[in-house]
Amino acid sequence: MTKIQAKVTLVGAGPGDPDLITLKGIKAIASADVILYDALVNESLLEHAPANATKIYVGKRAERLSTSQDYINQLLVDYALTHGHVVRLKGGDPFVFGRGGEELDYVRQYGIETAVVPGISSSVGLSGLQQIPLTYRGIAESFWVITGSTTEGHISADLYTAVNTDATVVVLMGFSKLKEIVKLYQQAGRGDLPIALIQNGSLANEKLVMGRIDNIVTAAEESLVGVPAIIIIGEVVAKHQEFNKLRQELVSISH
């Protein structure tokens, strides 16, 4: 009887478009005995798995019923010990608000081999696809990637610091906090700062809304933008080739 080689590999699936996963990620999927995949993972990637591989959806989405992290951690261990190679397929990159570190900490307690295949995070991938540079000489020397909401449901404390910098700020999982974020920037006297919202980035139904802090809430409501969406705040947003055109349209909407 062949001894089971327990292993867990965290694989970043990228921001949505299945073509944006790495070749190494595809190879990991192709060698999996079990795949635990998230809500934001394009399910077409599962076609690369062996026909007899067990595929389990463990999606977590904001404001919806979701699989608990503790349960996912236990599944990783149980399937690794009983089946062999478990691929944990996660949207974006496993270590950018993907709780990849927590999962590795748990799995390692059981002496299980672990590996990581990085993925393209939506924080850098979606801005790139929209040709919005996160850094630009003379405009932004750095960029911050911040969660929009903490475990307790509060706006991240880091945003209170970021609002006073010239850094580009990318907010993930923060669309539900858009009005609070806007208010924070307005209180800092930065109502004219460019901002972009990208929903379903990299997919066929992608939606982009751009404007200024002062009018972005109205623009979002008019455009019916919703989750999942990332927020990009900073002067670099104005580098988008359509920014000035869209800004003029927003002015007419607000009037």
Legend entry - Helix-only CD estimate at 222 nm, as mean residue ellipticity for the chain, using -39500 (n - 2.57) per DSSP H run (n ≥ 4): -8500 deg cm²/dmol
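Set the bar at 19 Å for Cα to Cα. Now go through Lys183/Lys245; Lys27/Lys60; Lys177/Lys245; Lys55/Lys207; Lys27/Lys90 and name every pair that lies beyond it.
Table pairs above 19 Å Cα-Cα are Lys183/Lys245; Lys27/Lys60; Lys177/Lys245; Lys55/Lys207.
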Inset, instruction - Return one whole number: the accessible area per residue of the chain in Å², for a 1.4 Å probe. - result: 51 Å²
Legend entry - Accessible area of region 164-210 belonging to carbon and sulfur atoms, whole % at 1.4 Å probe: 45 percent
Legend entry - Approximate spin-label separation Thr22-Asn244, in nm, with each point projected 7 Å along Cα-to-Cβ: 4.0 nm
Inset, instruction - Would you mind checking the radius of gyration and Dmax of region 1-120 based on alpha-carbon positions, in Å? - result: 13.1, 46
Inset, instruction - May I ask you to compute the full-extension gain from Ser142 to Tyr57, defined as 0.36 nm times their residue separation minus their alpha-carbon distance, rounded to one decimal in nm? - result: 27.0 nm
Inset, instruction - Please turn the phi angles of region 194-207 into ³J(HN,Hα) values with the Karplus equation 6.51 cos²θ - 1.76 cosθ + 1.60 (θ = phi - 60°), one per residue in order, whole Hz, x for glycine and proline. - result: x, 8, 10, 10, 10, 9, 6, x, 6, 9, 4, 9, 4, 10
Inset, instruction - Using the charge dipole of the chain (Lys, Arg: +1 at Cβ; Asp, Glu: -1 at Cβ; taken about the Cα centre), state which of Leu172, Leu104, Thr147 has its Cα farthest towards the positive end. - result: Leu104
Inset, instruction - Measure nothing fancy, just the Cα-based angle from helix 243-254's long axis to the longest principal axis of the chain, in degrees from 0 to 90, nearest 10. - result: 70 degrees
Inset, instruction - Would you mind computing the Rg to Rh ratio of the chain from its alpha-carbon coordinates, Kirkwood style for Rh? - result: 1.03
Inset, instruction - Compute the length gained on full extension between Asn205 and Ser44: take 0.36 nm times their separation in residues and subtract their Cα-Cα distance, giving the result in nm to one decimal. - result: 56.3 nm
Legend entry - Counting all C-alpha pairs of region 119-196, share separated by more than 16 Å (%): 52 percent
Inset, instruction - Taking the chain as the reference, fit the longest principal axis to its C-alpha atoms, fit the long axis of helix 178-187 to the helix C-alpha atoms, and give the angle between the two in degrees, 0 to 90, nearest 10. - result: 40 degrees
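The values are calculated or read from the model by the stated rules, or taken from the named source; none is laboratory data. Just so it is clear, the model here is predicted, and its values are computed rather than measured. Here Cβ is always computed from backbone atoms with ideal geometry, including for glycine, and neighbour counts include all displayed protein chains. Heavy atoms of the whole protein, side chains included, go into the accessibility calculation; ligands, DNA and RNA do not. Shrake-Rupley method; radii C 1.70, N 1.55, O 1.52, S 1.80 Å.
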